[in-house]
1. Could you work out how far apart the two model spin labels at residue 158 and residue 262 are, taking each label as a point 7 Å from the Cα in the direction of the beta carbon, and quote it in nm?
2. Compute the helix-to-body angle for 171-180: its Cα long axis versus the longest principal axis of the chain, expressed 0 to 90° and rounded to tens.
3. Over the Cα atoms, compute the radius of gyration (one decimal) and Dmax (the largest Cα-Cα distance, rounded to a whole number) for the stretch 111-224, in Å.
4. For each of 99, 259, count neighbouring Cβ atoms within 10 Å of the residue's Cβ, then give the residues from fewest to most.
5. Would you mind checking the tilt of helix 266-280 against the longest principal axis of the Cα atoms of the chain, expressed as 0 to 90 degrees and rounded to 10?
6. Quick one: 28, 113, 61, fewest Cβ neighbours within 10 Å first, how do they rank?
7. Arranged by the count of other C-beta atoms within 10 angstrom, fewest first, what order do 138, 133 take?
8. May I ask you to derive the relative contact order of the chain, considering only C-alpha pairs under 8 Å and at least 6 residues apart, and to give it as an integer percent?
């Protein structure tokens with residue numbers, strides 16, 4: 001199959017890059033987080049990333065921020081880079097609510113450890129009046145680990161933080177959670193893109209995100225920003241949200257929301273890749 005291909009797109013960095021090839025090799029770079037936060041990783045899941053990227057004819061980066069991080073890390077890198085933002089189709093999913101009762105809640109989606117700043121978010125929630133504060137619903141990211149359980153107990157948050165689908169939840173439920181949440185909280189210290197931002201956009205959910213370059217790139221028009229490592233600022237923001245509803249993407253974008261959603265559509269992602277493959281095969 002590879003012998004007949006004009007373009008091969010590697011979306012992984014396991015093993016060694018293809019050699020003695022006649023096709024154009026494209027590699028994806030999704031983030032530079034392990035390189036930026038090297039001390040936070042016991043094992044680097046991107047161990048062969050540099051080899052793949054250096055041996056590729058072209059690189060696809062999922063954000064301009066990630067492309068910039070790549071250039072900063074490897075300033076002599078000569079491989080051409082094309083930025084193709086990710087997309088989502090969650091807005092087309094028919095929502096289905098959970099079997100349990102959920103009233104007021106904020107939403108945290110995905111992994112929670114290290115650069116995701118989940119521990120900071122818990123510290124920010126702890127001082128809030130538990131009688132008035134929405135529950136924090138977490139989806140995905142695995143079960144709470146020992147450190148998280150101890151922190152939840154120490155801060156008295158066991159009843160105020162709820163984990164749904166520790167490993168995976170079906171899209172109809174996720175679609176419902178986005179739409180029904182009072183806000184999606186994304187406190188990450190670093191990201192390659194941040195899917196929750198565009199999923200929230202598609203579901204018209206308010207977003208509070210850390211003020212980092214990629215969040216400004218992806219969601220500058222429809223996100224509310226707070227310093228990524230400023231616990232007090234997060235507490236102040238969340239305190240204000242208890243009594244005052246945040247503006248949703250529709251409120252902030254008006255009629256331009258539809259065009260932005262088209263940009264973050266799966267069809268646009270496919271079209272951009274097809275255009276690149278055509279250019280490389282001629």
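Any read-out appearing in this document is the output of simple, stated calculations on the displayed coordinates, not a laboratory observation. From a predicted model like this one, the values you see are computed outputs, not experimental measurements. Reconstructed Cβ throughout: ideal geometry from the backbone, glycine too, with neighbour counts over all protein chains shown.
1. 5.3 nm
2. 50 degrees
3. 13.9, 37
4. Arranged by neighbour count, lowest to highest, 99, 259 become 99, 259.
5. 20 degrees
6. In order of increasing Cβ crowding within 10 Å: 113, 28, 61.
7. The fewest-first ordering by Cβ neighbours comes to 133, 138.
8. The normalised contact order for the chain reaches 19 percent.
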